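Beneath this line is the structure, given in structure tokens, with notes to follow.
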Amino acid sequence: MDGEPIDHGAFVVDGNRFGAVGRARDILRTHTGTIKDLGNVIVLPGLINAHCHLDYTLMRGALLSPGSFPQWIQRINTLKRSLSDEDYLRATVLGLEELRRSGVTSVLDIIATPQIFPKLPPLPIRTWFFLELIDVRPHPWVDEHAFGSWLFFAEKKPALGGFGLSPHAPYTASPSLYQTALECSRAFGMPVTTHVAESREEYQMFAHGRGELFDFLAKIGRRTEDCGKRSPLRHLLEDQLVGNDSILVHLNELDAGDLELLRAPRWRGLSVVHCPKSHRFLHHRRFPLEALRKLSLNICLGTDSLASNDSLDLFSEMRAAKRIYPDLHPKTLLEMSTLNPARALKQDHCLGKIGSGYLADAIAIPSDKGAAEAYEVIMETKDPIKWMMIDGNAF
């Protein structure tokens, strides 16, 4: 991923990391270990899904495309109440397997059901679990279940992956909850991700103090003194409720003031996640990809959940993005699914490319074409991945 595709390439795996990488004729000249010929394939880094909700995997096809974003939220909440912990556990396991079949070797997963974590079997891919934090109702932390959420971090860190924090969104998480998450992330070295500026209703709520989302949340007891002043993104950035290395998901509804604020050098470390197919399902306005790229922000791709998508296939997301932004080179789209998410996790020194010293995560796609056509072949991949290596183990 830091040069042109290598024709007739080879790599050496030493334990769980890549050793030498280059042309087979050069690598094999000095290699004395076992040799595995993968045949006519394109080998590329394992994909990294930058935003997913695996505990919603059983919701595939259960929700129709909504008339408004608040309607969709209410439908999800109704459906969630019908599911048991065993349902969420099964959903997460099925989701992880679906990701693996489609070439994902790492995922950033928002987990709203931390109680299932101790019951999870060994993880098939690298998984960063981000604990979802919500305090939309008054005084939620006196609830007897609140302390149990924080006990999530008492569990052993996943062998492949880690933990993070996810204040859900500005309309469901208070400034104090964002500040607590930020303090914890700095103290324990955990990444932070949050949804923000996802819908026109969220923008209306914060910028104008009105709208369907504003009315719904006010009705259930959310305080509204932070509404009617500025955009949801400026609400987070100007009050420093997120760090300058946070992972911001969606950013669909931005105004001129938002873009001007993002020009400031201090925000150049932000990562942004776009979920093209979920975006289309929810009828959001056009994602401002061109404007964000001009600001040199780190833009990644994710699938979001099966409550707003029909698959967890990142190749499908790349194709969807290509249709909307035809000028994007396929290499850029692949970077948004490998190098950029690794950078968002601060793992770009060891994930996201096939290089000496990097963790040995890779996938292979059948192809009879040469290196010059590699990116086009990758974009059209639709079959399950038949060869994969994670942490040096091939299967």
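Read-outs: derived from the displayed coordinates by stated rules, not from any lab. Because the structure is predicted, anything quoted here is derived from the model rather than measured. Using ideal geometry, Cβ is built from the backbone for each residue, glycine included, and neighbour counts are taken over all protein chains shown.
If both residues of a DSSP beta bridge must be in the chain, then about 35% of such bridges are antiparallel.
For the chain, the longest principal axis of the Cα atoms and the long axis of helix 314-324 meet at an angle of about 70 degrees.
The calculated FRET efficiency for Asp37 paired with Glu4, based on their beta-carbon distance and R0 = 22 Å, is about 0.50. Each part gets one Cα centre, and for the range 1-61 versus the range 227-299 those centres are 32 Å apart. Around the amide H of Phe130, modelled in the peptide plane, lie the amide H atoms of Asp109, Ile110, Ile111, Gly164, all under 5 Å away and 5 or more residues distant in sequence or on another chain.
Across Pro326, Pro191, Pro175, mean-square fluctuation computed from a Gaussian network of the chain (C-alpha pairs under 10 Å connected) peaks at Pro326. Using just its DSSP H runs of length 4 or more, each adding -39500 (n - 2.57), the chain gives a mean residue ellipticity at 222 nm of -9000 deg cm²/dmol after division by all residues.
P(r) for the range 306-395, from all Cα pairs and a bin width of 5 Å, is 3, 12, 18, 23, 24, 15, 4, 1 %, short bins first. Helix 175-188 and the long axis of the chain differ in direction by around 30°, with both axes built from C-alpha atoms. Placing +1 on each Lys and Arg Cβ and -1 on each Asp and Glu Cβ, with no other charges, gives the chain a dipole about its Cα centre of roughly 240 debye.
Here r is the Cβ-Cβ distance between Glu225 and Glu86 and R0 is 25 Å; the resulting FRET efficiency, rounded to 0.05, is 0.05. Each Cα pair of the range 45-344 feeds into the Kirkwood radius, which the Stokes-Einstein equation turns, at 25 °C and 0.890 mPa s, into a diffusion coefficient of 127 µm²/s.
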